[in-house]
1. Once you sort the root eigenvalues of the Cα gyration tensor of the stretch A:19-137 as a ≥ b ≥ c, which label holds: rounded (a/c under 1.5), prolate (a/b larger than b/c) or oblate (the other case)?
2. Taking Rh as the Kirkwood radius, which is the inverse of the mean 1/r over Cα pairs, what is the Rg/Rh value for the stretch A:112-224?
3. Expressed as a whole number of Å, what is the distance separating the alpha-carbon centroids of the stretch B:28-85 and the stretch A:238-317?
4. Could you tell me the calculated FRET efficiency between residue A:171 and residue B:152, based on Cβ-Cβ distance and R0 = 25 angstrom, to the nearest 0.05?
5. Given Cα pairs under 8 Å that are at least 6 residues apart, what percent is the relative contact order of chain B?
6. Which distance in nm do the two modelled labels at residue B:219 and residue B:234 give, with both placed 7 Å along the Cα-to-Cβ direction?
7. So how compact is the stretch B:54-213: Cα radius of gyration and Dmax in angstrom?
8. By how many degrees, between 0 and 90 and to the nearest 10, does the Cα long axis of helix B:218-229 differ from the longest principal axis of chain B?
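Only the coordinates and a few stated rules stand behind these numbers; no lab work does. For clarity, every value in this text was computed on a predicted model and none was experimentally measured. FYI the Cβ positions are ideal-geometry reconstructions off the backbone, even for glycines, and counts take in every protein chain you see.
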């Protein structure tokens with residue numbers, strides 16, 4: 001297995017050139033008159049371009065009772081338009097030797113093609129076409145709904161960890177739609193229809209709700225001209241409401257869940273805390289939380305949890321701390337311990353709590369923090385190797401409410417994090433009152449039988 | 001992780017094209033001590049990616065020691081030279097280097113990425129991992145527990161259950177037939193001496209291939225190769241025997257509590273050095289290799305909604321070849337999906353492909369060629385993969401010609417030779433309706 005210890009950081013950090021990223025001249029932006037934003041990332045190493053359109057809409061923006069519609073629509077976007085047969089856009093991409101796909105999250109829905117750089121024009125033409133001209137038939141919708149139900153069966157229903165994660169999210173968020181799975185609840189997916197898809201499509205698929213990202217061997221001025229030609233004529237959705245979701249009430253009591261499934265192989269305990277996300281112009285706390293996750297549970301050899309529980313005490317098979325700071329609304333900070341066989345989940349939870357106390361009481365080893373920062377800086381260099389990764393970093397950030405400047409400032413903000421910052425956010429965030437503690441295990445008889 | 005996925009990776013590498021439009025400069029570098037590597041210089045980003053692979057792999061496990069090579073490779077980063085595992089990890093972090101160690105049945109691999117500024121220190125650290133791993137008992141015990149946990153996890157993983165069952169049925173008398181992680185019994189019994197023996201057998205100079213891409217010159221690379229690999233033994237364990245494919249057509253159902261069945265299917269395949277390999281590759285692209293456009297995806301997913309995804313793939317390995325496919329489907333739809341797979345298999349064997357489908361496949365495969373040149377690590381992997389498959393250094397220049405040369409008649413011939421719906425064996429993990437172990441229904 002090939003892992004760089006800083007993998008989670010690298011995922012949200014692809015741009016940083018010492019001395020300062022804010023001067024990265026490979027990234028330029030524009031805004032079309034109809035409100036569509038554009039970001040161009042130049043990389044001339046190979047004659048390739050990645051073309052992406054990101055919509056500021058995801059599963060957390062769905063109407064009540066229609067869970068899964070954002071993702072379902074993403075599937076349906078590969079059907080036909082007024083001028084293209086179902087599946088024809090995909091065949092056009094393939095005929096250029098290109099590849100395409102799409103993805104849906106809580107806060108965004110994105111579509112991309114990877115093609116020879118001189119085919120950008122063609123990609124824009126068809127991506128612009130399906131922004132407004134999608135044509136669906138009832139039969140297509142019903143068949144595709146079966147595909148989505150199979151997807152849910154494969155990814156969630158067949159996977160105890162997936163089912164457990166759904167239950168934990170529903171417990172973490174009482175009121176905010178992050179409580180609802182992106183793919184949707186099965187009983188609601190089963191009722192989604194043509195009109196649901198089109199209603200969602202017509203409201204949210206509009207230039208003033210979209211960001212174009214083009215990365216690769218392209219000229220920014222030419223990209224803007226092409227964007228103006230293809231996306232420029234599309235009328236915006238007038239009166240698009242500001243993006244507000246139902247907010248969480250203050251969490252005032254710890255919540256707990258035990259999920260048993262005979263398919264569980266290695267039982268584990270996982271704790272998540274409500275945590276602030278990266279906000280535009282105010283990413284300092286998120287940066288400190290990111291560093292806290294590395295210090296506590298980044299490397300299995302050198303982090304506090306890995307070193308103590310896996311290496312020195314031998315009480316855990318695996319430990320980790322994780323934080324996903326790029327999010328539109330409040331996110332979570334999490335810790336996981338998979339105990340060695342024979343140890344109970346109660347003992348594993350006590351180990352987990354002990355590690356939190358340890359970091360708060362002992363503080364942070366200066367050398368460890370410096371090594372993490374070395375890797376943060378290096379991740380910019382490694383990150384430049386991936387065109388798609390860079391494009392994705394901007395897409396996720398911009399649809400999560402951040403700006404290009406925020407993305408470029410982020411590495412410097414991480415680098416400026418101090419021990420005091422980390423301990424402060426640890427005290428603020430790691431409070432039981434805002435936590436969900438989950439046990440994933442097998443039914444008791446089954447566990448005993450295999451040990 | 002299953003052998004199937006590993007095989008897929010290898011497959012991908014063998015056909016991944018290169019920067020065809022731009023000038024592809026692969027240099028063969030020979031070190032002062034005679035170790036060769038293929039190099040693509042890419043100075044625009046200040047880091048280097050290396051892919052080092054040794055032919056042999058977990059197939060070299062000695063009798064009763066299944067899992068030794070896998071455990072040995074996992075331990076190379078757990079302490080080396082004068083550094084215990086903590087010191088080794090700290091040194092790696094301080095350099096922001098990334099090292100990966102992996103074992104497959106056919107080979108073991110060592111991947112590295114390091115910053116140009118830290119080349120010497122990064123190479124010195126990797127040299128120690130390769131040449132002087134410590135195999136400290138505490139590290140052995142800890143990593144062994146992790147491997148045992150993986151084996152425990154595999155017992156409840158439908159994909160693993162399917163692939164290990166298929167492997168056991170297909171290759172009962174060869175290491176391919178058993179999981180390379182070993183069994184709880186063999187892994188528990190492995191001693192430090194077993195790991196030292198596995199290290200001695202697997203990492204030898206006569207079996208190594210090296211691919212390098214990044215900010216390094218041929219002059220700099222030569223001596224670096226000697227530093228890294230020059231002190232390895234010249235040769236190791238005897239060659240691995242060929243594997244005989246022993247599985248007949250039919251159905252094996254493994255009961256597993258799940259709303260879906262995971263289905264793995266296949267029969268014998270075609271070796272990479274077969275003269276009809278390109279025809280088979282293009283045929284598979286049309287049948288089930290080409291993503292959304294493939295016949296399997298069109299019929300099973302797009303038209304009927306029976307699955308989220310289905311695909312087929314050629315699995316040519318060093319000592320045997322399989323042609324396989326896989327999908328997941330709800331238990332009440334699995335039988336229908338299997339019937340369609342068999343039907344498409346028969347139709348392709350009987351009728352080959354249309355001129356239109358062949359043209360579309362060629363257009364895609366040759367057009368995608370320059371687009372896959374994607375990052376230093378990936379290119380380093382391609383360079384090593386080409387060497388592992390004995391492809392010539394100018395392979396890249398001829399690859400699209402080979403694809404374009406495939407005719408309808410070639411496809412018809414290979415389809416007739418390769419595809420046999422009656423020989424397909426389906427391993428189904430789940431609780432599929434109206435399916436049970438035994439012969440397949442007529443059809």
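1. Numbers: a/c = 2.06, a/b = 1.26, b/c = 1.64.
It comes out oblate by the Cα gyration axes.
2. Working: Rg = 18.5 Å, Rh = 17.4 Å.
Result for the stretch A:112-224 is an Rg/Rh of 1.06.
3. The stretch A:238-317 and the stretch B:28-85 have Cα centres spaced 35 Å from each other.
4. Values: r = 28 Å, r/R0 = 1.10.
Step by step, r from the Cβ atoms, then E = 0.35.
5. Values: 879 pairs, mean separation 107.7, N = 443.
Reported relative contact order: 24 percent.
6. 3.2 nm
7. 16.3, 51
8. Around 90 degrees separate the two axes.
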